[in-house]
Amino acid sequence: MAIQMVKQPVSVNGVVRWKDVGLADQAQSEQKERKMVVLRHEIGDVLRDVRQRQGRTLREVSHSARVSLGYLSEVERGQKEASSELLSSICTALDVPLSHMLREVSDRVAVAEGVAVPDTVPQEFSQRYGRDLGLSDDFPQGMLSGAR
């Protein structure tokens, strides 16, 4: 595969020179410009999305998860790193398996990184056979299909 070269002006000590830049160099610079993914932000977004889809308040979930309202709010806003124990407690309160929540977080991170993530359970399959797979009808379809 041939690399296409492009000339770009570069100023060195006030002298403009033309530098050959390949498309591979351009792709590398685009990767460097990508915004860093902060895991606690993605986890908080997923937890908030699940809670809101269920029509539940922070107060209800914090009570059920046995965590303070303020702390749960900070976790949802990505201001606090939640321990694995706390995440498990919140997921239990939301009646969502921890593995499903982490899968959704993983899919969001992959999208942010520009990585294609194929669905392991296509939406049509999960809708048709979801009960046989042990998937809950209460579980948000967006989390099963990877839809945003």
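We did not get these values from a lab; they are worked out from the coordinates using the rules stated. Since the structure is predicted, the reported quantities are computational estimates derived from the model, not experimental observations. When we count neighbours, we look across all protein chains shown, and the Cβ atoms used for this are built from the backbone with ideal geometry, even at glycine.
Okay, here's what the table says:
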| quantity | calculated |
| --- | --- |
| Pairwise FRET efficiency - H41 versus L69, Cβ, R0 = 22 Å, nearest 0.05 | 0.65 |
| Two-site label geometry, R59 and V115: point separation in nm, points 7 Å out along Cα→Cβ | 4.1 nm |
